[in-house]
Amino acid sequence: MEIKINNHVLDVSLENEKTVGEVIAALEHWLYSSGHVLSALSIDGQNVPASEIEKIFVKEIVSVKSLDLLTTPLAEIASSSLINLLDDIKEYESLDFDGKNNFFEKWKVGVVSQFISQEMADLYKFCVNTFSNADLSPQILRTIAEERLSEVKEPQKEFTAIEPVLNDICEKLVDLPLDIQTGKDKKAAQTIQLFSAVTEKIFRIFYQLEIQGFFSGEQREKNKEQLVQQITEFTDILKELLDAYEKNDSVLIGDLAEYEASVRIKKLYASILENCRS
């Protein structure tokens, strides 16, 4: 059986797959990890409509000569979903009291809601807070959605713009144990929140860079593996720091904040930035 993805013949050997469904399931996992999702399917030159998918999936591959798949980049779907979300926010703002009360029940079953809930869980929570109980203002949700859209459309530009914010928060981390010791709880909490927010943004953009092909090629793949290792190590340090903060352990916080967290996040940022520029 010949398998094509976006009109390119796929050089792959089937192992234990016996049905079309099993082949598609294996390919979808690989496609998703490469930043793509299946958007259309044809068998032996015949397009398969959505209503026929289940019937086709049980078809044995020995009876199939060719399998053609068309895919759509995840980044493209994310961009479209965020643009539609901005339209949804605008619509929500234009509604009267009753309309706003009923908006969420309709919105949550839509394709935009489903995609965001699966791919951007934190953003989905913000949407719920705005559309269901108005705990978060539409203006703030719009700002968050616009930021996410910029991260998807221009990940390199967004990543470069983080640097001054990152340097500032790393300086604040050095003062964190003293802030705790001197009772500046509000300032300490803000430092932790800002550091967490910057870290999450770095992780989000790294994901976009990865699925959009910024790490394609043999050398870049090796660099990506090193970056993933750095992210794993930094995540462990971050968990230790947050745990120490919850326990109000100022000594451990000082060591982790100044000598581990701030150093590692700067190193990680520089490594990703270098790969982007190259």
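Listed values, structure above:
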| item | result |
| --- | --- |
| Low-density loop cleavage sites - trypsin sites (Lys or Arg not before Pro) in region 182-278, where at most 11 other Cβ are within 10 Å (DSSP) | 247 |
| Range of Cα positions in region 76-152 per principal axis (Å), largest first | 34, 23, 18 |
| Where Rh is the Kirkwood radius over Cα pairs, Rg/Rh for region 155-277 | 1.02 |
| Rule-of-thumb Rg ratio for region 58-198 [Cα; 2.2 N^0.38 Å; N residues] | 1.46 |
| Which listed pairs, of 55/222; 18/108; 125/222; 186/266; 187/267; 4/267, have C-alpha distances above 30 Å, in listed order | 55/222; 18/108; 125/222; 4/267 |
| For region 146-209, size of Cβ-based charge dipole, Lys and Arg +1, Asp and Glu -1, in debye | 120 debye |
| Theoretical ellipticity at 222 nm over the chain - DSSP helices of four or more residues, -39500 (n - 2.57) apiece, nearest 500 | -22500 deg cm²/dmol |
| Relative contact order of region 2-73, defined on C-alpha pairs under 8 angstrom at six or more residues apart (%) | 49 percent |
| Charged-residue dipole, Cβ positions (Lys, Arg, Asp, Glu), the chain about Cα centre, Debye nearest 20 | 300 debye |
| Under 16 Å from the Cα of residue 247 - aspartates and glutamates, other chains or at least 8 residues apart | 179, 185, 255 |
| Test item: Cα-centred dipole of region 155-277, Lys/Arg +1 and Asp/Glu -1 on Cβ, debye | 400 debye |
| Gaussian network model of the chain, Cα within-10 Å springs - most flexible of 208, 156, 190 | 190 |
| Distance histogram in 10 Å bins (all Cα pairs of region 2-73, percent per bin) | 19, 61, 21, 0 |
| Inter-centroid distance (Cα atoms) of region 183-211 relative to region 21-100, Å | 32 Å |
| Whole-number percent relative contact order across the chain, with pairs defined as alpha carbons under 8 Å at least 6 apart | 16 percent |
| Antiparallel content of DSSP bridges confined to the chain, in %, to 5 | 75 percent |
| Over the chain: Rg over Rh, Cα atoms, Kirkwood Rh | 1.06 |
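Where a number appears in this text, it was derived from the coordinates with a stated rule and is not lab data. Quick caveat: nothing in here was measured; it's all calculated off a predicted structure. Note that each Cβ is placed from the backbone with ideal geometry, even for glycine, and that neighbours are counted across all protein chains shown.
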